[in-house]
Amino acid sequence: MKLQISELEGGIRLISLDGKLDSNGVYAVEVDFGRHCGGEKRRILVDLSRVSYISSIGIPLLVNTAKSVMSHGGKFALLSPQQEVMNVFEMVGVSRIIPIYYDIRTAKSSI
């Protein structure tokens, strides 16, 4: 699992993940992921377009981080999950907790 950070206009931090969000993938990125999402009133957009798999270990990483960001007055959204990942999100209800977008323009204007 690889993690890349970009700063977009409007103070939005784009975190791009690449690989599998299984136990090894979460272990590889969880400290940096949390560090880059920390702070007050953060606006975080997580690009999942290159995440091919998410396990039951990967879901809490996203959900718990989203809850933390929102509890500090920020916004957190997911961008472009692959269909297999989206199927898991729908099955466990992630989309009821975290907004999911497929268009970066819409995502940026919403967060």
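Please specify each residue of the stretch 55-111 satisfying the condition of being of a type in the set (Gly, Ala, Ser) and in contact with a Phe, Trp or Tyr (Cβ under 8 Å, 6 or more places away or on another chain).
Scanning the stretch 55-111 gives Ala66, Ala77, Ser80, Ser95, Ala107, Ser110.
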Self-check item: Number of the condition not met by Arg35 [criteria: (1) of a type in the set (Lys, Arg); (2) over 20 Å from Lys108 (Cα atoms); (3) surrounded by 12 or more Cβ atoms within 10 Å (Cβ to Cβ)]
Solution: (3)
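Every residue, every condition in (1) closer than 17 Å to Ser16 by Cβ; (2) of a type in the set (Phe, Trp, Tyr); (3) outside any helix (DSSP H, G or I), yes or no:
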site: Ala66; (1), (2), (3): yes, no, no
site: Met70; (1), (2), (3): no, no, no
site: Pro81; (1), (2), (3): yes, no, yes
site: Glu84; (1), (2), (3): no, no, no
site: Val88; (1), (2), (3): no, no, no
site: Met91; (1), (2), (3): no, no, no
site: Ser95; (1), (2), (3): no, no, no
site: Ile98; (1), (2), (3): yes, no, yes
site: Thr106; (1), (2), (3): no, no, no
Quiz item: Could you list, in sequence order, the residues of the stretch 86-109 that are more than 25 Å from Gly39 (Cβ to Cβ) and in contact (Cβ under 8 Å) with a residue 40 or more places away in the chain?
Solution: none
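If you scan the stretch 38-58, which residues turn out to be under 21 Å from Gly93 (Cβ atoms) and crowded, with 19+ Cβ neighbours inside 10 Å?
Once the filter is applied, which keeps residues that are under 21 Å from Gly93 (Cβ atoms) and crowded, with 19+ Cβ neighbours inside 10 Å, the stretch 38-58 yields Ile44, Leu45, Val46, Leu48, Val51, Ile54, Gly58.
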Exercise. Name the one entry in Val69, Val46 that is out of contact with any Cys (no Cβ under 8 Å at 6 or more places or on another chain) and either β-branched (Val, Ile, Thr) or in contact (Cβ under 8 Å) with a residue 12 or more places away in the chain (or both).
Key: Val46
Practice problem: Being modelled with pLDDT of 95 or more, in a helix (DSSP H, G or I) and among the β-branched types (Val, Ile, Thr) narrows it down to one of Val46, Val26, Val51, so name that one. | Solution: Val26
Quiz item: Take the residues of the stretch 59-74 that are more than 18 Å from Met86 (Cβ to Cβ) and of a type in the set (A, V, I, L, M): which is surrounded by the fewest Cβ atoms within 10 Å (Cβ to Cβ)?
Solution: Met70
Self-check item: Filtered residues of the stretch 49-66 (kept if closer than 20 Å to Asp32 by Cβ and either free of Cβ contacts under 8 Å to residues at least 12 places away in the same chain or touching a Ser or Thr at 6+ places or on another chain (Cβ under 9 Å) (or both))
Solution: Ser49, Arg50, Ser55, Ile57, Gly58, Pro60, Asn64
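The values are calculated or read from the model by the stated rules, or taken from the named source; none is laboratory data. This structure is a prediction, so every number in the text was calculated from the model and none was measured. Here Cβ is always computed from backbone atoms with ideal geometry, including for glycine, and neighbour counts include all displayed protein chains.
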